[in-house]
Amino acid sequence: MARLAVPEFADWCFVELLRPDGAIERVVMEHVDPSKRRFIVEYDERYPLDPDSPVGSPQVIRTGEPVLMPEIPDELWEAAAQDPEQLRLMREAGMVSAMIVPMRVRGTVIGDLALTTAESGRRYTEDDLARAQDLADRCALAIDNARLHTTLRETRDDLQAILEGVADAVTAQAPDGRLVYANEAAVRLLGFASAADMLAAEPRAILGRFAMSDERGEPIPLEQLPGRRALAGEHPPPLTVNYRDASGGTERWSRIQSTPVFDADGGVRLAINVIEDISELKRTEQGHRFLAEASRVLAGSLDYEETLRRVAQLAVPHVADWCAVDLADGDGLARVAVAHVDPAKVELARSVQERYPPDPQSGTGVYGVLERGAAELYGEIGDEMLARTAHDAEHLEILRSVGVESAMLVPMRVRDRVLGVISFVSSESGRRFDEHDLLLAEDLALRAAAAVENARLYATAASIAGTLQSSLLPPVLPEIPEIELAAAYRPAGAGLEVGGDFYDVFNTADDQWYAVVGDVCGKGAEAAAVTALARYTIRAAAVRRRSPSAILRWLSDAMVQQAGDEDSRFCTIACAHLDVSRSPARITIACGGHPLPLVVRADGTTEQLGAPGTLLGLVENPDLQDRTAELRGGDTLVLYTDGLTEAGAPGRVWTPEELEATARGAAGKSAAATVDHLLAAAVDPVPVARDDVAVLALRAV
């Protein structure tokens, strides 16, 4: 434009633009003599435009009003000059007439256009000013359009950079469902070679590449996808989608959120979809949920083989299509569990295992994992690997028919030992295991190993406790003439500790018998030692003392003498002497702090026998008394520990009256039936007994 104006319209042409920071920049300068451009450049470098100048271009830009000077007065130069040298240079330029017009667009001044004459001597008029203003307005509009275009291009480039830099997939759909935009993340997520290929694909072709379902595993209808709902004018809530490539491959999860874009008439012109890949989040969530359920299953039983079978079933199909558990058995392995998504194939796995057992000398597979204690991950199993693994051609065909795609073998480690190996195999699903799957499998194997070890330790502890407990009770009850005997012992809790309750029946002569029931304070080895001391001291004392109170006093003295400074072990005992040399038999009873024995008469009446006495083993000279009664035909003497009456504690504790009322229900029954009746009423309804229970019944027949 400036070159057209010079020399047609002026000898000098200047264009100045207002910058955002308020400075004024001279962007164009032209002269009929091109050699004089250097003069203006040097002048501008030395004397840049002052935005606050009261004259010239700054004044026009500031006020928005044009300036016409048919004759440039010398006073103007003097007002604009900052020093004599600048005034000299202004006069040297030789300008005669000038006009400066604002460049306006949309009501805003963006700069000015200055035209001056010199050598030509032309004088500008009002008509020239109008023409100059029209030219300036056109220039301003062109500049503004160029700026808008540049801004639009920059905005588009910025938006493109932003969308390409977003980790989430972003797509835009036209009203017909076709994609009109897809960022690079969307291209990668949906498995296309390029954005162009993706945009060229038909919508149904894109959706047909995936098998999609919701969080419940139900198929998702096309019209329920958020993008389709947005194209229908809805603002759908986010939808979590599970999908897998229809040809097989890794399972993935996405969270899709769609927003409609409306045109001026209210119609939907676009649907913007943001697809967040939440596969890792979902895998972690599912892994935690699976491990929590597995822990619950592992803690639910002490039968570890049954538990491992349930864990294998739990792992299918959450982790794999096949799952097998092998436990170390001597120098080999014993398969204790196998599961498959198709239960009908479980028998196939068993038969293949029997026909083609793994080679203990191979150094790989389950035996390699057992030996080294390190997991093995086979992300993708090809035909070449199957051929190396197969024992013969028939075995290879079986492996091919199963369709093994991927496998993990993980050790069941506990401390420095490997208890076994859990194998996970992918087949029908086409899943490929990775490091994330391996971490989950190893975590499961560690929990399973801990459960197996705990179950084995429990079994060992229970066996030891049972053996020791049995040694403290008579293996069989003796036969007493005209007397029927029955007894029962119920340990509290899981029976892992030796209890303090005991009973014993022995004789010192053919017609002189003793029945003893006791309760030692505490549990475990120390209680077992006191139980043994009590039982055998009573037997030894009975040889020398016939009186039950004298026998218990002897025991108490022995316990007091044996007790150390920090040992406060004590016990309660009911001791009954039975003289069957007479008819009816005579019973003499002494109690050392123990619940009084109960007699259930043949006619259904009940009575307590004996007198309460002092706890044994705490003090010297305990208060112990003998009480005597007769045991007639059909009468039953019941000796018991407080675990019977306190089985329902703390919610319910039997009173003596309640015990007698219950015992009356066994009147006329055998000794064994009486014991069973009392246990059924007191112990069986209680989920977990809080204390050991010992019951001994003697019935005169």
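The values are calculated or read from the model by the stated rules, or taken from the named source; none is laboratory data. Since the structure is predicted, the reported quantities are computational estimates derived from the model, not experimental observations. With ideal geometry, Cβ positions are generated from the backbone for all residues, glycine too; neighbour counts draw on all protein chains shown. Note: areas computed on protein heavy atoms with side chains; ligands, DNA, RNA excluded. Shrake-Rupley method; radii C 1.70, N 1.55, O 1.52, S 1.80 Å.
Odds and ends about this structure:
- The stretch 74-216: C-alpha pair distances exceeding 24 Å, %: 63
- Built from the Cα atoms of the stretch 396-526, the convex hull projects on average onto 15.4 nm², one quarter of its surface area.
- Each 10 Å bin from zero up to the one holding the largest Cα-Cα distance in the stretch 158-229 carries the following percent of pairs: 18, 49, 29, 4, 0.
- The Cα atoms of the stretch 588-648 cover 41, 32, 11 Å along the three principal axes, with the biggest extent listed first.
- Treating each Cα of the chain as one equal point scatterer and applying the Debye formula with no solvent, the log10 of I(q)/I(0) at q = 0.11, 0.12 Å⁻¹ comes out as -1.06, -1.15.
- Computed Kirkwood radius, in angstrom, where 1/r is averaged over Cα pairs of the stretch 236-380: 19.2
- Radius ratio Rg over Rh of the stretch 253-333, counting only Cα atoms, Kirkwood formula for Rh: 1.38
- In the stretch 295-442, the convex hull through the Cα atoms has an average projected area of 8.7 nm², a quarter of its surface area.
- Normalising the average separation of contacting C-alpha pairs (under 8 angstrom, six or more residues apart) by the number of residues puts the relative contact order of the chain at 7 percent.
- Mean ellipticity per residue at 222 nm, deg cm²/dmol - from DSSP H runs of n ≥ 4 across the chain, formula -39500 (n - 2.57): -12000 deg cm²/dmol
- Seen against the Cα atoms of the chain and their longest principal axis, helix 304-318 is set at about 20 degrees.
- Over the stretch 80-121, all Cα pairs binned in 10 Å intervals from 0 give whole-percent P(r) values of 24, 34, 30, 11, 0, listed from short to long.
- Surface composition of the chain: carbon and sulfur atoms hold 52% of the protein heavy-atom accessible area at a 1.4 Å probe.
- Whichever lysines have a C-alpha closer than 22 Å to that of LYS669, once near sequence neighbours (fewer than 8 apart) are set aside: none
- At most 12 other Cβ within 10 Å, DSSP loop - GluC sites (Glu not before Pro), the stretch 371-471: GLU380
- Note that the stretch 1-114 carries a Kirkwood radius of 14.6 Å, evaluated over its alpha carbons pair by pair.
- Within the chain, the longest run free of exposed loop sites, counting trypsin sites (Lys or Arg not before Pro) that sit outside DSSP helix and strand states (H, G, I, E, B) and have at most 12 other Cβ atoms within 10 Å, spans 217-414.
- Expressed per residue, the C-alpha convex hull volume of the stretch 27-88 stands at 119 Å³.
- Rounded to the nearest 10 degrees, the inclination of helix 393-402 to the longest alpha-carbon principal axis of the chain is 70 degrees.
- Label separation (ARG400 vs ASP50): 9.6 nm, computed from points 7 Å beyond Cα along the C-beta direction.
- The label point for VAL686 and the one for ALA167, both projected 7 Å from the Cα toward the Cβ, are 5.8 nm apart.
- Helix axis angle, 524-544 relative to the chain longest principal axis, alpha carbon, degrees: 10
- All C-alpha to C-alpha distances of the stretch 557-683, sorted into 10 Å bins beginning at zero, yield P(r) values of 12, 36, 33, 16, 3, 0 percent in whole numbers.
- Dividing the alpha-carbon radius of gyration of the stretch 173-309 by the rule-of-thumb value 2.2 N^0.38 Å gives 1.36.
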